[in-house]
Each structure stands twice: as structure tokens, then as C-alpha cells.
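In what follows, a single structure is set out as C-alpha cells and then discussed.
The values are calculated or read from the model by the stated rules, or taken from the named source; none is laboratory data. Everything numeric in this text was worked out from a predicted model, so none of it was measured. Virtual Cβ from ideal backbone geometry, glycine too; neighbours counted across all protein chains shown. Heads up: the accessible areas ignore ligands, DNA and RNA and are worked out on the full protein's heavy atoms, side chains in. Shrake-Rupley method; radii C 1.70, N 1.55, O 1.52, S 1.80 Å.
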Amino acid sequence: MVHEEQTLSKKHKILAFTLILLTFVMGTSEFVIVGLLTEVSTSIGISIATAGTLVSGFAIAYAIGTPIVTGFVSRFPKYPLMLVLIAIFILGNIISALSSTYVVLMGSRITTAVVSGVLTALSMSIANTVIPKEKRSTIIVDIFRLYHCQCHGCTIRNNDRTME
């Protein structure tokens, strides 16, 4: 019996790359603040400890907001919803970059946290629905692989920085 390996079509490869890239960008948005706490605290005139709450606020919003908002928006078509959420994600990050107050920065971080969580859930759902069965697990692992590497890379960079 000859086993033929299923290959992805060009459409599926583009979709997989897009989902992987999207997750990478969202992970970067989440973790980049850790390496910038000193700069953020100086820029908006708050203590480093207060700037650190931007990380906690993101994590709490992600953990609590993601399942609630995902449940609410699950009735909408996935692709248009994804485009709207990506636009909100981009806008939230622009606001974060341009914010000059803690309240605005925290608000934009909370917004991007919830949107990131919903987009991650949508990415998994789309991969599970659209990618051929034989390749689903591989693509889903690849989506999370970059996210996981970012977690460790961010920790390493942060530790290197604190040792200077």
C-alpha cells in the first residue's frame, strides 16, 4: 500500500501563512511592552511599577474578555469579522504608540488584548475548518509555535537587559 502525503494547495498555504503571521504580530504586540517599561514610564511620567500594570492589564483583559467577546461575536461570519477585528487591532496599536497618558494607553492595551484573543480563537477555528484534515494539526501547531518562541525570546531579552 502506497501512502501519498497530502500537500496544501496554494490557497491553503497562503491562508496558513497569513494565520501564522497574524498570530506572530499579535504576540509581538502583547510582549513588546515588557522590554519598553522604562521608556514608557519616562514618556508618560509614571513609575516603572505602574507601567508594569500595562502588562497585567493586558493579561487580565485577554483572560476575561476573550471568551466573553468570542461568545458574543461567534454568530457573525468569520472572514468579515476577522477583517474588522484586525482593523481594531491596528487602530488600538496606533493609539498605544501615540498615547501620552496612562489611561489612554491602558485602554488601548485592554482593547488590543481582547481583540488579540478573539483573533487567535478565530485563527484556530478557520484553520480547523478550511485546512485539509491531514494538515490541520501541523498548521495549528505552527500557529502556536511562533507565539511560544516569542514568549521565551521576550523573557531572554528582558533578562539580558536587566543584567546590564
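With the other protein chains left in place, how much accessible area per residue, in square angstrom, belongs to the chain at a 1.4 angstrom probe?
Accessible area per residue: 60 Å².
Could you work out the helix-only [θ] at 222 nm for the chain, with each DSSP H run of four or more residues adding -39,500 (n - 2.57) and the total divided by the number of residues, to the nearest 500 deg cm²/dmol?
-29500 deg cm²/dmol
For Thr138 and Glu39 in the same chain, what is the full-extension length gain: residue separation times 0.36 nm, less their Cα-Cα distance, in nm?
Result: 31.8 nm gained on full extension.
Scan the chain and note any complete DSSP helix (H) whose C-alpha atoms cover at least 15 Å along its axis and whose Kyte-Doolittle average is 0.5 or more.
Length and hydropathy pass: 10-31, 48-73, 78-98, 102-130.
At Leu98 and Asn128, where each label point lies 7 Å from the Cα along Cα→Cβ, what is the point-to-point distance in nanometres?
Those two pseudo-labels are separated by 3.8 nm.
Of the peptides 77-87, 16-26, 105-115, how do they stack up when ordered by the mean number of other Cβ atoms within 10 Å, highest first?
105-115, 16-26, 77-87
Could you order Ile68, Ile94 by accessible surface area, starting with the largest, using a probe radius of 1.4 Å?
So the residues, ranked largest to smallest area, are Ile68, Ile94.
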